[in-house]
Amino acid sequence: MVTEQDNGSHTVGGAIEIKNVGRVFGEASDNQVIALKDINLHIKPGEFIALIGPSGCGKSTLLRLIVGLDVPSEGELFLNGEKITGPHYERGLVFQDPTLFPWLNVYDNVASGLVARKIYREKKQDVAEYIKLVGLSGFEKSYPHHLSGGMAQRAALARALVNHPRVLLMDEPLGALDAFTRMQMQDEILRIWQERKTTVVLVTHDVDEAIYMSDRIVIMTPRPGKIQEIIDVPIGKPRARNHPDFFRLRSKILETLHFAGEETLSYYL
């Protein structure tokens, strides 16, 4: 159970409630795209959730609704009982592209959210703390074009975490990295999550990544995106990628994804 923090450096994860959510794009009835339909999901404080499903099933759309960058066509979303009506620093977002400000060095990129909220002066000690947390100590003065892909993603992660969000939402954050760096970053994210107890929602196409990192895996159907199945991951952490239970769960998920056809299934292999 997640408890209140002992000091300002630890964050309490938030509870997310998604009730009867749908999202339709387009106004004319003959030109509408139903991206999401009848989404109901409860995410517990401090839980790590992975969203998987075929391209176009609405995973990123759902993430944008939780962040508050978009609004549902029907239904409601709540964080700790309060309706989500727009973006808020309590919901941090990390994209596949690190989207760092190219004119700012690592330190100033990480500090940018605190500066925008006009609380940098009293919170500036957090900048160094989170730079250290993501393993970038010594690179504070480096600019984005001097960083590797993995280092840039670490900086983006620190920038999101420095605001002490109750929920961290990640949209394919490791998709552009090579396999070795990706596994390293998976372990780093898990380490930070276990230390900070932030609620995490991860969008990924990688079944192995979902199993390795999450507490529960939400499988979504092709458009219109619905929740096909929610699968618990009953494997303790740290997880061995070559454990028989890992392979059994992988097979089960791939069988569930088979509803979308051979072409979609092959995308995950």
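All alpha carbon pair distances within the chain were sorted into 5 Å bins beginning at 0; the resulting P(r) in whole percents reads 1, 6, 13, 16, 18, 17, 13, 9, 5, 2, 0, 0. In plain terms, the chain from residue 252 to residue 42 could stretch by 73.3 nm, reckoned as 0.36 nm per residue minus the Cα-Cα distance. Each of 205, 258 was scored by other Cβ atoms within 10 Å of its Cβ. Arranged with the fewest first, they read 258, 205. Pairs of Lys residues in segment 52-193, spaced 8 or more positions apart or belonging to different chains, with C-alpha separations under 20 angstrom: 5 in total.
So what is the relative contact order of the chain, in percent, for Cα pairs below 8 Å that sit 6 or more residues apart?
Values: 521 pairs, mean separation 69.0, N = 269.
It comes to 26 percent, rounded to a whole number.
Against the main long axis of the alpha-carbon atoms of the chain, helix 106-116 sits at an angle near 80°. Among rounded, prolate and oblate, which fits segment 38-188 when a ≥ b ≥ c are the square roots of the eigenvalues of its C-alpha gyration tensor, a/c under 1.5 means rounded, and a/b larger than b/c means prolate? Note, shape of segment 38-188 comes out oblate.
Please give the Cα centre distance for segment 224-243 versus segment 87-111, rounded to the nearest Å. With segment 224-243 and segment 87-111 each reduced to a Cα centre, they are spaced 29 Å.
Remark: 198, 85, 99 ranked as 85, 99, 198, counting other beta-carbon atoms within 10 Å and listing the fewest first.
Counting neighbouring beta carbons within 10 Å and listing from fewest to most, the residues 223, 159, 117, 91 come out as 117, 223, 91, 159.
Report the full-extension gain for the segment residue 82 to residue 117: residue separation times 0.36 nm, less the Cα-Cα distance, to one decimal in nm.
Extra length from residue 82 to residue 117 when fully extended: 10.5 nm.
Given their separation in residues at 0.36 nm each and the Cα-Cα distance between them, residue 34 and residue 237 gain 69.3 nm when the chain is fully extended.
For the pair residue 183 and residue 27, a Förster radius of 45 Å applied to the C-beta separation gives a FRET efficiency near 0.50, rounded to the nearest 0.05.
Working note: 222 nm ellipticity from helices only, DSSP H runs with n ≥ 4, each -39,500 (n - 2.57), summed and divided by the residues of the chain, gives -10500 deg cm²/dmol to the nearest 500.
Computed from the coordinates by the stated procedures, all read-outs in this text should not be read as laboratory data. Note that this is a predicted model, so its numbers are computed, not measured. Note: ideal-geometry Cβ built from the backbone for every residue, glycine included; neighbour counts use all protein chains shown.
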